[in-house]
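*Asks:* Sharing a structure below in C-alpha cells format, with a few things to ask.
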Amino acid sequence: MHIFFHFGRYFILIRRTFAKPEKASIYWQRILDEIISLGIGSLGIVAIVSVFLGAVITIQSAFNFENPLIPVYAIGVAVRDSIILEFAPLVISLILAGKVGSSIASEIGTMRVTEQIDALEIMGINSAGYLIAPKIIGSMLFNPVLIVFSMFFGIIGGYVFGLLAGVVTSHDYIYGITYDFRPYNVVYALIKSVVFAFIIASVPAYNGYFTKGGALEVGRSSTKGVVYCIVVILAFDLILTQLLLV
C-alpha cells in the first residue's frame, strides 16, 4: 500500500504544480533560468557520451557484420537506427537523470529542510508551482534539443572513429546513414525525450519536496529520486516503444 500512497501524493503535487500561477512573468524568467542551468549546462557531457557511443556502435557493428553477404553500408544503417531509436533518447536521458535529477532533488530538499518552502507558503506563494513547474517546463523544452545534439554527435563519432579504425569507408558510411531513412524515427525519439524530460524533472522534485530531517536526509532523497527516476524512465521506454512502434 506504501506505493499507492506515493503515487497519490505525487499526482496531487503535480496538480498543485500546474495550478494557475500568481504572476506569469516571474515564471517565464525562471523557465529561462532553468533551461540555462539544467539544459545548456549538460551539452558538454551529452556531446562526449554521444561521440563515444557512436564510435562503440560502429566498431561493434563492423565486428558483427563480418559476413561477406552483409554489405558494408549496413554499419551506417545500424549506427543511425541504434542511436536515433534508442541510444540517444534513452541513454542520454538516463545520464541526465543522474546529473539533473540529483541536482533538482538536492536543491528542493535543502529548501525544505531549511524551511524556505514553508516561508514561500506563508507569503501565499504556491511553492510547488514556483519551484517545480519551471524545472519541468524548462526540461521538456530543452531535452529534445539535447537529444537532437546527441543524434548528431553520435553519428559523427561513428563516422570519425569508423574511418580511424578502418572498419568502414566514408562512402559506405554516408550511404548507410541515408539508406531507407524514416523521418518518423526522429519523431518517435523526440516524443520519448519529452516524456523522459517530464520524469527527470518531476520525480526527483517530488522526493526533494517531501524531504524530512537534515542534510543526511537530503542526500538520501537525492539518491532515491535518481533511482526512482531511472526505473520510471525504463518502464516508460518499454510502454512508449510498444505504443509508437508496434
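*Asks:* What pairs come out if I take residues in the range 206-219 that are farther than 19 Å from Val100 by Cα and pair them with residues that are assigned to a helix (DSSP H, G or I) whose C-beta lies under 6 Å away, six or more apart or interchain?
*Replies:* Here the result reads Gly214/Val113, each pair linking the range 206-219 to a residue that is assigned to a helix (DSSP H, G or I).
*Asks:* Enumerate the pairs (first residue in the range 8-30 and closer than 12 Å to Ile125 by Cα and touching a residue at least 60 places away in the same chain (Cβ under 8 Å); second residue anywhere and β-branched (Val, Ile, Thr) and assigned to a helix (DSSP H, G or I)) with beta-carbon separation below 8 Å, excluding pairs fewer than 6 apart on the same chain, so at least 6 apart or on different chains.
*Replies:* Every condition considered, the pairs that remain are Thr17/Ile136.
*Asks:* List the number of the failed condition for Ile122; all other conditions in (1) surrounded by fewer than 17 Cβ atoms within 10 Å (Cβ to Cβ); (2) modelled with pLDDT of 90 or more hold.
*Replies:* (2)
*Asks:* Under the condition of being surrounded by 15 or more Cβ atoms within 10 Å (Cβ to Cβ) and touching a Lys or Arg at 6+ places or on another chain (Cβ under 8 Å), which residue from the range 153-200 is nearest to Ile45 (Cα to Cα)?
*Replies:* The qualifying residue nearest to Ile45 (Cα to Cα) is Ile155.
*Asks:* Inspect the range 173-186 for any residue being more than 20 Å from the chain's Cα centre (by Cα), closer than 30 Å to Ala119 by Cα and not in a helix (DSSP H, G or I) and give the result as yes or no.
*Replies:* No.
*Asks:* Can you say whether Ser150 is in contact with a helix residue (DSSP H, G or I) (Cβ under 9 Å, 6 or more places away or on another chain), closer than 25 Å to Asp81 by Cα and among the polar types (S, T, N, Q), as far as the supplied structure shows? Working first, answer last.
*Replies:* Values: in contact with a helix residue (DSSP H, G or I) (Cβ under 9 Å, 6 or more places away or on another chain): yes; closer than 25 Å to Asp81 by Cα: yes; among the polar types (S, T, N, Q): yes.
Yes, satisfied.
*Asks:* I want to confirm something. Restricting to the range 30-70 and keeping residues that are within 21 Å of the chain's Cα centre (by Cα) and among the charged types (D, E, K, R), which single residue is surrounded by the fewest Cβ atoms within 10 Å (Cβ to Cβ)?
*Replies:* Across the range 30-70, the extreme among qualifying residues is Asp33.
*Asks:* Phe153 passes all but one of (1) at pLDDT 90 or above; (2) more than 30 Å from Glu66 (Cβ to Cβ); which number fails?
*Replies:* (2)
*Asks:* Keeping to the range 1-30, report how many residues are in contact with a Gly (Cβ under 9 Å, 6 or more places away or on another chain) and more than 17 Å from Gly208 (Cβ to Cβ).
*Replies:* 6
The values are calculated or read from the model by the stated rules, or taken from the named source; none is laboratory data. The model shown is predicted, which means the values in this text are computed figures rather than measured ones. No Cβ is skipped: glycine too gets one built from the backbone with ideal geometry, and neighbour counts run over all protein chains shown.
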